[in-house]
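Peer 1: The structure's right below; bear with me while I get my questions together.
The values are calculated or read from the model by the stated rules, or taken from the named source; none is laboratory data. Everything numeric here is computed off the predicted structure, so don't read it as measured data. Note: ideal-geometry Cβ built from the backbone for every residue, glycine included; neighbour counts use all protein chains shown.
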Amino acid sequence: MRIGIFITAVLLCWGCGQDGGTSFRALDLTEYNIPVTIQAPDSARVVAGKLSGIIEDVTVKSPADRYAVQILASTAATNDMTRLKATELEAVRDNRYFERIVSEDPAGFIFENKIDTTSAFGFRYIVYQGDREIVFQNTFDGVYTLDETTAMYNSVKPTE
């Protein structure tokens, strides 16, 4: 009887942790010169810098939660979201390991790269604000599953 109760308790705890179990919170990136709010794990660390002196580069990471999002903000070449997204799609498709677009919406997409038999998923999500283009993507220092990538993608999309 005790073993049955113990097994049931373990299974319940394990099952509860499978829903993405991480506690996400609103994270305002305004202090990093990126006026948007995303959802990120409570344990996430933010590192900010600049690329080439003109592109804001902010990384939000929580290795324990398999969460790693890079945000790049710069002056947009156009205010046409279709063109902004097409530029990101082209860059992703130009990767020699590109396999397919998994899902897509007007402001972003999730894609799969495949090296031999290993799949790695990534995403791009674009926000046009003022005269700035803000691109959210997974960082390049990890291999993420489709579930992990989808969770990161959804965390950067504005809540309605």
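A quick yes/no check of all residues on (1) in contact with a strand residue (DSSP E or B) (Cβ under 8 Å, 6 or more places away or on another chain); (2) hydroxyl-bearing (Ser, Thr, Tyr); (3) within 20 Å of residue 25 (Cα to Cα); (4) surrounded by fewer than 17 Cβ atoms within 10 Å (Cβ to Cβ):
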position: 84; (1), (2), (3), (4): yes, no, no, no
position: 101; (1), (2), (3), (4): yes, no, no, yes
position: 113; (1), (2), (3), (4): yes, no, no, no
position: 117; (1), (2), (3), (4): no, yes, no, yes
position: 125; (1), (2), (3), (4): yes, yes, yes, no
position: 145; (1), (2), (3), (4): yes, yes, no, yes
position: 155; (1), (2), (3), (4): yes, yes, yes, no
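Peer 1: Which residues, counting only those in the stretch 69-107, are β-branched (Val, Ile, Thr), modelled with pLDDT of 95 or more and assigned to a strand (DSSP E or B)?
Peer 2: Those that are β-branched (Val, Ile, Thr), modelled with pLDDT of 95 or more and assigned to a strand (DSSP E or B): 69, 71, 101, 102.
Peer 1: So which residues in the stretch 76-106 are within 16 Å of residue 136 (Cα to Cα) and among the small types (Gly, Ala, Ser), if there are any at all?
Peer 2: 76, 86, 91, 103
Peer 1: Using the structure shown, decide if residue 105 is of a type outside the set (Lys, Arg), surrounded by 11 or more Cβ atoms within 10 Å (Cβ to Cβ), within 27 Å of residue 24 (Cα to Cα) and free of Cβ contacts under 8 Å to residues at least 12 places away in the same chain.
Peer 2: On the way: of a type outside the set (Lys, Arg): yes; surrounded by 11 or more Cβ atoms within 10 Å (Cβ to Cβ): yes; within 27 Å of residue 24 (Cα to Cα): yes; free of Cβ contacts under 8 Å to residues at least 12 places away in the same chain: yes.
Answer is yes for this residue.
Peer 1: Let me ask you something else. Give me the pairs: first residue in the stretch 36-59 and loosely packed, with under 11 Cβ neighbours inside 10 Å, second residue not in a loop (DSSP other than H, G, I, E, B), beta-carbon distance under 6 Å, and six or more apart or on different chains, which are they?
Peer 2: Close Cβ pairs satisfying both conditions: 49/57; 51/57.
Peer 1: Looking at (1) under 17 Å from residue 135 (Cα atoms); (2) in contact with a strand residue (DSSP E or B) (Cβ under 8 Å, 6 or more places away or on another chain); (3) part of a loop (DSSP other than H, G, I, E, B), which one does residue 40 not meet, given that it meets all the others?
Peer 2: With respect to (1) under 17 Å from residue 135 (Cα atoms); (2) in contact with a strand residue (DSSP E or B) (Cβ under 8 Å, 6 or more places away or on another chain); (3) part of a loop (DSSP other than H, G, I, E, B), residue 40 is out only on (3).
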